[in-house]
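Single-structure report; data block below.
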Amino acid sequence: MLMSLIIAWSPIVETSGNDVAFPSSSSNCCSILAVGGKCGKISSWSVRAPECYSTDNAGHASEVRLVGLVKAHDSWIAAISWVRYGSNDSKTQFALANGSSNGSLKIWLVNGEKLLKASEVINDSLSLLREVATVDSSMISVLSLTVPARSPTKLFLAIGKSSGSFELCTLDTSTGKFDNIGCYNAHDSTVSGLAWAFDGRCLYSCSQMKQWLLQNVKDEYIFPAAEIREIKKRYDISTSSTVLPTKPSWYCMCCHRRASKMAPTIVFALPWYRSDFKSFVESPTHKHTSTPCCPFCGILLHRSQPQYFLSPSPV
């Protein structure tokens, strides 16, 4: 596989002899790790729980085996989400959703028992349940999959996009009925997180965190697009306890440092570190670059605050 981009753990299962089941205790537990790569493939790894949890892994290494490999997409795997699936506890089945950088999305059925008992790599380890056509081709940034307790054959899927919107859909695996509920323009930048809560009645999204309430949800778990609304109280994690500065703040995705002002262009051409570095770069003779580059590693910086927070006046 080419470089791995995204990983996701399956729910924990328990192995005892030839039996595989959902755990009743913490002993003999293992999980399946799904790894998505740039090549569009998903590899599945069986990982047994270590005997001891320690920062020093010497003598306590987990048993790890490659058990499955499947070509899922033609572009990069950008998001993966697992959920326990099925009402029969004797069958360790999972549903797995994965999205790609070109906006394509697939939902798979995973036979956990087959994978965990495999003695060699299985190339057909995932069984395709549904290929989902999303509203646009923007990159899928995050997925959240859940199965409501009162409707164990229905999958609720929230799809976060790089455009700032998210989509909702449901799949009834007993009938094959698929409902595309709607697309919601939730944020001004990439949706970075989605999480279901309260048995599929609430959905939380973040770029800035918002709570969404699914109203009039009945036992059948069918909710038309008109019945989803945003809770009026809006939570902004970055502004919950501080007043935002009017100057832009920048964040480096490479070295994870922050900068509040641009570095002079001369910084990126220095052959060595000068002893008078601070006074040198603050000299008025050096012009600041118009391109926001990290003064530490030189890559393009990202705003750490939304654009509309940078104005001291109401927008």
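If you check ASP136 against the conditions, is it more than 20 Å from SER75 (Cβ to Cβ), out of contact with any helix residue (DSSP H, G or I) (no Cβ under 6 Å at 6 or more places or on another chain) and acidic (Asp, Glu)?
Working: more than 20 Å from SER75 (Cβ to Cβ): no; out of contact with any helix residue (DSSP H, G or I) (no Cβ under 6 Å at 6 or more places or on another chain): yes; acidic (Asp, Glu): yes.
When the stated conditions are applied, ASP136 does not pass them.
Among the strands (runs of 3 or more DSSP E) contained in region 71-162, which hold 1 or more residues that are under 18 Å from ILE32 (Cβ atoms) and over 20 Å from the mean Cα position of the chain (by Cα)? Steps first, answer last, please.
Values: elements: 77-85, 93-100, 105-111, 126-132, 140-146, 154-161.
Once the strands (runs of 3 or more DSSP E) in region 71-162 are filtered for at least 1 residues that are under 18 Å from ILE32 (Cβ atoms) and over 20 Å from the mean Cα position of the chain (by Cα), what remains is 93-100, 105-111, 126-132.
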With respect to the numbered conditions (1) closer than 23 Å to VAL70 by Cα; (2) charged (D, E, K, R); (3) free of Cβ contacts under 8 Å to residues at least 24 places away in the same chain, which one is the sole condition not fulfilled by LYS177?
(1)
So, in region 1-46, exactly how many residues are touching an Asp or Glu at 6+ places or on another chain (Cβ under 9 Å), of a type in the set (Val, Ile, Thr) and modelled with pLDDT of 90 or more?
0
Sort out which residues of region 115-132 are among the hydrophobic types (A, V, I, L, M, F, W, C) and touching a helix residue (DSSP H, G or I) at 6+ places or on another chain (Cβ under 8 Å), and write them in order of number.
ILE122
What's the number of the condition TRP108 fails, among (1) modelled with pLDDT of 90 or more; (2) buried (at least 23 other Cβ atoms within 10 Å of the Cβ)?
(2)
For region 181-194: of the residues being surrounded by fewer than 15 Cβ atoms within 10 Å (Cβ to Cβ) and in contact with a strand residue (DSSP E or B) (Cβ under 6 Å, 6 or more places away or on another chain), which is farthest from SER207 (Cα to Cα)?
ASN185
Note on ARG150: of the conditions (1) surrounded by fewer than 21 Cβ atoms within 10 Å (Cβ to Cβ); (2) in contact with a Ser or Thr (Cβ under 6 Å, 6 or more places away or on another chain), unmet is (2)
Yes or no: VAL132 surrounded by 14 or more Cβ atoms within 10 Å (Cβ to Cβ) and modelled with pLDDT of 85 or more?
yes
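The values are calculated or read from the model by the stated rules, or taken from the named source; none is laboratory data. Here the structure is a predicted model, which is why all the values come from computation and not from measurement. Ideal geometry is used to build each Cβ from the backbone, glycine not excepted, and the neighbour counts take in all protein chains shown.
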